[in-house]
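To start, the structure under review is shown below, and the notes come after it.
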Amino acid sequence: MASLKELKGRINSVKSTQKITKAKQMVAAAKLRKAQAAAEAGRPYATRLSAVMASLAGKVSGDSAPKLLAGTGSDQRHLMVVVNTDKGLCGGLNANLVKEARLQARKLMAEGKDVTFFLIGKKGRAPLKRDFGNQISQQFDTSEVRNPGFEEAAAIAGQLVELFEAGKFDVAHLVYPKFQSALVQNPVTVQLIPVPAPTTAVSSDAVVEYEPDEEAILEELLPRYVRTQLFGALLEIAASEQGASMTAMDNATRNAGELIDKLTIQYNRSRQAAITTELIEIIAGAEAL
């Protein structure tokens, strides 16, 4: 049984931890508002860009279609672009993203496809390296940047387009969390390259003539679409990280409070037992005299 001194030390230690988790929760809550607003503000732009691309892609087909839209003509080599956080203490967010990437990769490998990984963020590297060590082709470090934004998204998109143009892969998939609330961040997988052809084009009765032609516009628009998708993923991971961190720290603070209560009860019982023992010894000594 632990001594009174040990119990008191444990209580003080847990109280110190509780202060840290409470402070972390408040910091995450403050950052979440800004990150959530940025993620939600970026979604309409991506939606509108997809609509414009749908209007143009419907007018281009065959050999005239840019490579980013038409693809290489094969789907044998797949690249998984996995977006993780650079910091921990955010619950199961990174574990869920790794689980989603692992599931999609093994599904493709079961179909006989070749799978490689392009990793963004530090926290998902170790578990993926354990399972797919020889299949990690590229890594992009965002840990030195306080708030990764469009500049980092453009750099990542540039690397991906270069790899695609060099024939390193046929299809790229983007794995990232979709922020819904502080409690829910669902990992999703979307095709990034070649840019998926829209299933429905924007309906319009007007006759539109483009200058320059559709192919030239798509040559400029498709890389911008890839950058926008990656930028949106970085915004979503930032909001998801703060939401998951706030929830995890709230749970940790509650658990610390419950542990403090249990340790306090144990301390009081031990202290009372020690006092009772001393009283019995005093009374027995007095009676002996």
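The values are calculated or read from the model by the stated rules, or taken from the named source; none is laboratory data. The structure presented is a predicted model; accordingly, all values stated were derived computationally and were not measured. Cβ atoms come from the backbone with ideal geometry, glycine included; neighbour counts cover every protein chain shown.
When LEU163, LEU174 are screened for being at pLDDT 85 or above, closer than 25 Å to ASN96 by Cβ and surrounded by 15 or more Cβ atoms within 10 Å (Cβ to Cβ), only LEU174 passes.
One line per residue, one yes/no per condition, for (1) assigned by TED's automatic domain parsing to the domain that holds LEU221; (2) at pLDDT 85 or above; (3) surrounded by 14 or more Cβ atoms within 10 Å (Cβ to Cβ); (4) over 30 Å from THR247 (Cα atoms):
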site	(1), (2), (3), (4)
LYS8	no, yes, yes, no
ASN12	no, yes, no, no
ALA30	yes, yes, no, no
ARG48	yes, no, no, yes
LYS59	yes, no, yes, yes
SER74	yes, no, no, yes
HIS78	yes, yes, yes, yes
ALA105	yes, yes, yes, no
LYS113	yes, yes, yes, yes
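Figure legend. Inter-residue proximity from segment 8-23: first residues within 9 Å of ILE260 (Cα to Cα), second residues small (Gly, Ala, Ser) and in a helix (DSSP H, G or I), beta-carbon distance below 8 Å, spacing 6+ or different chains. Indicated pairs: VAL14/ALA256; LYS15/ALA256. Within segment 85-137, the set of residues being touching a strand residue (DSSP E or B) at 6+ places or on another chain (Cβ under 6 Å), in a loop (DSSP other than H, G, I, E, B) and farther than 30 Å from ALA182 by Cα comprises LYS113 only. Restricting segment 183-237 to residues that are part of a loop (DSSP other than H, G, I, E, B) and of a type in the set (Val, Ile, Thr), the residue that is modelled with the lowest pLDDT is VAL202. Residue by residue through segment 138-158, note down the ones that are in contact with a strand residue (DSSP E or B) (Cβ under 7 Å, 6 or more places away or on another chain) and modelled with pLDDT of 85 or more. Within segment 138-158, just ILE156 meets the criteria.
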